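Data first, discussion second: the structure below is written as structure tokens.
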Amino acid sequence: MNTEAVARYITDWMTGYLDGTGAAGFVVGISGGIDSAVVSTLAAMTGRRTLCVTLPIHQAQAQVDRAGEHVRRLAARYPNAEAADADLTAAYDAFVGSFDPATVRGVPQGVVDLAGANARSRLRMTALYYFAGLNNLLVAGTGNKIEDFGVGFFTKYGDGGVDMSPIADLTKTEVYELGRWLQVPEAILAAAPTDGLFGDDRTDEQQIGASYPELERAMAYAEQGGDPSLLSGREREVYDIFIRRNRANRHKMEPIPVCRIPSGVR
């Protein structure tokens, strides 16, 4: 990948899109991971106002520390980059506490945990749009190609609720390559990818069952129309994971279905 050319292309695209909206800049949720670090850096490179918001909710301290380090370094490099923090832990606890305990009685703990993780993501989205509304900014998404169009590893109306997606055509491997060129902190480059939505250090690979490089190979094979019967061992296992998640999450990747009523029925 011609990393510099890609970075310049994305920043030009972001600037052009911004100019067409009349907004003053961008707001990016900073998680302590590679995707948000890359997007916020690209946003800062446009020279437009870039508000970097940390939004911890019972988040592992290592993730919070990485996010803070990145924002401090970014603000030192780019005068148009600003930091903001909104600890949403109390808000999330109040939300969950508003439900009768009977609501989750008998529900498997894994299902309860996943519902809570998605609720955290949607709360963060709400906060980002609050900042955006106050400051006339666009919410810049941080999803990459594998997450957004491969396995659907994002929350509908959570981190999937954005105004623009600057890196959604880049694989995770390409995002890391871009991050190194952009001088993202080494702690972020070295950290295992995680969504940070469960209050612990569980990784994306642990949740999905495959690494991003493995998923990238499976996605490429599927897009090329490869015959899965020719795969074996780990390759076939990962391919099946990719196809299963892709099918299950199509509702996230496709437009909301609309019931079109024929004229003869009205």
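Structure values in brief
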| quantity | calculated |
| --- | --- |
| Hits in the range 237-266 - residues which are part of a helix (DSSP H, G or I), open to solvent by less than 80 Å² (accessible area, probe 1.4 Å) and not small (Gly, Ala, Ser) | 238, 239, 240, 241, 242, 243, 245, 246, 250, 252, 253 |
| Evaluation of residue 199 against (1) touching an Asp or Glu at 6+ places or on another chain (Cβ under 8 Å); (2) in contact (Cβ under 8 Å) with a residue 24 or more places away in the chain (one fails), failing number | (1) |
| Failed item in (1) open to solvent by 40 Å² or more (accessible area, probe 1.4 Å); (2) of a type outside the set (S, T, N, Q); (3) touching a residue at least 40 places away in the same chain (Cβ under 8 Å), with residue 172 passing the rest | (1) |
| Number of positions in the range 215-236 that are farther than 15 Å from residue 149 by Cα, in a helix (DSSP H, G or I) and not polar (S, T, N, Q) | 6 |
| Residues that are open to solvent by 50 Å² or more (accessible area, probe 1.4 Å), in contact with a helix residue (DSSP H, G or I) (Cβ under 6 Å, 6 or more places away or on another chain) and part of a helix (DSSP H, G or I), drawn from the range 1-45 | none |
| Residue 148 vs. criteria out of contact with any Phe, Trp or Tyr (no Cβ under 7 Å at 6 or more places or on another chain) and either buried (at least 20 other Cβ atoms within 10 Å of the Cβ) or closer than 30 Å to residue 76 by Cβ (or both) | no |
| Residue tally, condition touching a strand residue (DSSP E or B) at 6+ places or on another chain (Cβ under 9 Å) and basic (Lys, Arg), over the range 67-83 | 1 |
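Conditions (1) open to solvent by 70 Å² or more (accessible area, probe 1.4 Å); (2) under 22 Å from the mean Cα position of the chain (by Cα), marked per residue:
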position	(1), (2)
55	no, yes
95	yes, no
101	yes, no
114	yes, yes
117	no, yes
133	no, yes
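The values are calculated or read from the model by the stated rules, or taken from the named source; none is laboratory data. Here the structure is a predicted model, which means the values were calculated and not measured. Backbone-built Cβ (ideal geometry, glycine too); neighbour counts: all protein chains shown. Heads up: the accessible areas ignore ligands, DNA and RNA and are worked out on the full protein's heavy atoms, side chains in. Shrake-Rupley method; radii C 1.70, N 1.55, O 1.52, S 1.80 Å.
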